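One structure is given here, and the rest of the page talks about it.
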Amino acid sequence: MQQAFQFKKKYGQNFLKNSAIIDKIVTIASVPKNTLIVEVGPGAGALTSALAKLNDVKVLAYEIDTSLEDPLIAFMHQYPNVTIYFQDFLKSNLEEDVAAYTFDHLYFISNVPYYITTPIIFKIIDSNLPFEKIVMMVQKEVGLRFCAKPGQKEYGALTVLLDYYFTLKKEGIVDRNQFIPKPNVDSMIVSFTERLEKEKLTDPAFFRKLVHDSFQFKRKTIRNNLKNYPLEIVEKVLHTYHYDLNVRAEQLPYSVFVDLANALCSK
Ligand code: SAM
């Protein structure tokens with residue numbers, strides 16, 4: 001199929017050509033029985049088929065490229081536990097599609113199209129579906145941002161938001177030569193495990209806005225970035241963590257932002 005197939009850059013089509021990497025993703029995911037796995041972008045079906053072979057799982061996949069429909073349907077004929085919707089994942093009704101299944105565990109496993117990595121993650125978060133684990137291949141630089149710790153240069157608003165929802169782990173770098181066509185960047189496998197004991201957020205949308213505002217100008221202090229917020233409340237919360245208004249957002253762990261958001265909401 002690959003000879004006749006025209007890869008589409010606009011869809012982030014870089015297919016994995018090394019089955020050892022596919023096996024690695026599957027091993028990292030360690031999928032238990034009776035799991036529904038959601039995948040974005042089966043492509044030629046390499047990862048999809050490896051997932052379908054697992055014991056007692058179902059795979060629900062979304063592929064935007066309708067030119068892959070005939071070959072994928074033919075290939076997946078041998079895997080009745082796979083359903084593929086040929087549509088844009090970002091426009092799908094994920095909640096409704098998942099509701100058609102019964103399962104004990106819900107996982108997301110995908111070599112994602114890199115141009116929509118962050119929207120995919122926020123669609124998963126905003127679905128409020130009980131995803132226990134996410135294993136994703138992402139662009140290496142993006143993976144470093146996801147997994148950064150406070151004080152590291154890659155630490156940013158996205159890191160803080162993800163830290164609230166998940167425990168993130170770098171699972172390994174994947175060289176660009178493992179893909180066809182070869183992309184201009186290396187990749188990273190990242191796992192996200194749902195944090196079960198999450199602090200309650202009074203208003204999740206406000207939390208997101210506060211985090212984005214706090215990082216608006218990376219080199220500026222919290223006093224400057226949050227100058228439109230009641231700074232006496234911000235200062236009071238920071239003091240409980242032994243910080244003051246001269247701290248920069250990049251130094252603060254996610255839990256400080258949770259407390260700040262909740263304190264500012266209840267003012
Ligand atoms: N899973 C295959 C693999 O690992 O070799 C292909 C991964 S490739 C990086 C990304 C796939 O996502 C492509 O098949 C692409 O057509 C598909 N895709 C891109 N945008 C999409 C979207 N918005 N919704 C669903 N699939 C999408």
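The table that follows gives values for the structure above.
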quantity: Interatomic Cα distance distribution for region 42-109, bins of 10 angstrom, percent; calculated: 19, 55, 26, 0
quantity: Percent of Cα-Cα distances greater than 26 Å, calculated over region 51-193; calculated: 29 percent
quantity: Theoretical ellipticity at 222 nm over the chain - DSSP helices of four or more residues, -39500 (n - 2.57) apiece, nearest 500; calculated: -10000 deg cm²/dmol
quantity: Gyration tensor (Cα) of the chain, equivalent ellipsoid semi-axes in angstrom; calculated: 38, 20, 15
quantity: Simple Cβ-charge dipole of region 9-194, Lys/Arg +1 and Asp/Glu -1, about Cα centre, in debye nearest 20; calculated: 680 debye
quantity: P(r), alpha carbons of region 204-265 - 5 Å bins starting at zero, rounded %; calculated: 4, 21, 37, 30, 9, 0
quantity: Partners for Lys140 among aspartates and glutamates (Cα-Cα distance below 14 Å; same-chain residues under 8 apart left out); calculated: Glu154, Glu171, Asp175, Asp186
quantity: Estimated distance in nm for a label pair at Ile180 and Phe86, the labels positioned 7 Å out from Cα along Cα-to-Cβ; calculated: 2.2 nm
quantity: Degrees between helix 254-265 axis and first principal axis of the chain (Cα, 0 to 90, nearest 10); calculated: 60 degrees
quantity: Cα-based convex hull volume of region 135-253 per residue, rounded to whole Å³; calculated: 124 Å³
quantity: Burial ranking of peptide ranges 95-101, 216-222 (average Cβ count within 10 Å, highest at the top); calculated: 216-222, 95-101
quantity: Close Lys-Lys pairs in region 6-108, where close means Cα under 18 Å and separation is 8 or more or interchain; calculated: 6
quantity: Potential extension, Lys53-Thr167 segment - 0.36 nm per residue separation minus Cα distance; calculated: 38.3 nm
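Read-outs: derived from the displayed coordinates by stated rules, not from any lab. What you are looking at is a predicted structure, and each value in this text was computed from that prediction instead of being measured. Ideal geometry is used to build each Cβ from the backbone, glycine not excepted, and the neighbour counts take in all protein chains shown.
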